[in-house]
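This report refers to the structure that appears directly beneath it.
The values are calculated or read from the model by the stated rules, or taken from the named source; none is laboratory data. Given the structure is predicted, the values throughout are model-derived calculations rather than measurements. Using ideal geometry, Cβ is built from the backbone for each residue, glycine included, and neighbour counts are taken over all protein chains shown. Note: areas computed on protein heavy atoms with side chains; ligands, DNA, RNA excluded. Shrake-Rupley method; radii C 1.70, N 1.55, O 1.52, S 1.80 Å.
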Amino acid sequence: MNVDPFIEAEKTAGHSVKRTCELLKVSRAASYARRTGTPGPRAMRDAELTEQITAVHRQSHGTYGAPRVHAVLRREGAGCGRRRVARLMRRAGLAGRASTAPAVGRFPGRVGLPVTAGCWSRK
């Protein structure tokens, strides 16, 4: 819930910002900081990482998910956690693609064997 418009309205009406913030249980410093509109250091770093994540995801033709993107970023020297990469990927609408390889060849000894009549009567 964003209470900043309410605080601004109370300020223009001549009420105390300090008292309004106390009643709403928000810090005065945070309300003034949000008023300036400059993003904080974490938001700026998130924006940089999102650009890097998008580039890596594009290079992989959309196949890499968060663990692989995280591994590539670590190799490139961008220090961040896997969960942060996953959060930023979700926020950017990026997701890896699962393998669609056919099941043929995964079990080479089982392919083409006949089904015995006795296997249906087992419990």
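Would a scan of region 48-58 turn up a residue that is within 30 Å of Ser99 (Cβ to Cβ) and open to solvent by 100 Å² or more (accessible area, probe 1.4 Å)?
Yes, region 48-58 contains at least one residue that is within 30 Å of Ser99 (Cβ to Cβ) and open to solvent by 100 Å² or more (accessible area, probe 1.4 Å).
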Can you tell me how many residues in region 33-62 are farther than 13 Å from Leu73 by Cα and either assigned to a helix (DSSP H, G or I) or not small (Gly, Ala, Ser) (or both)? 15
Mind checking which pairs have a first residue in region 1-21 that is closer than 17 Å to Gly37 by Cα and a second that is open to solvent by 80 Å² or more (accessible area, probe 1.4 Å), Cβ under 7 Å, 6 or more apart or different chains? Asp4/Arg34; Asp4/Arg35
Please enumerate the residues belonging to region 7-32 that are assigned to a helix (DSSP H, G or I) and among the polar types (S, T, N, Q). Thr12, Thr20, Ser31
Note down all Cβ pairs under 6 Å where the first residue falls in region 28-57 and is free of Cβ contacts under 8 Å to residues at least 12 places away in the same chain, the second is open to solvent by less than 100 Å² (accessible area, probe 1.4 Å) and in a helix (DSSP H, G or I), and they're at least six residues apart or on different chains. Arg28/Cys21
Qualifying residues in region 73-91 (those that are of a type in the set (Gly, Ala, Ser) and surrounded by 14 or more Cβ atoms within 10 Å (Cβ to Cβ)) - the one farthest from Glu51 (Cα to Cα): Ala86
Suppose the filter is of a type in the set (Phe, Trp, Tyr) and at pLDDT 85 or above; does Tyr32 pass it? no
Within region 19-47, of all residues that are open to solvent by 60 Å² or more (accessible area, probe 1.4 Å) and β-branched (Val, Ile, Thr), the one farthest from Val3 (Cα to Cα) is Thr38
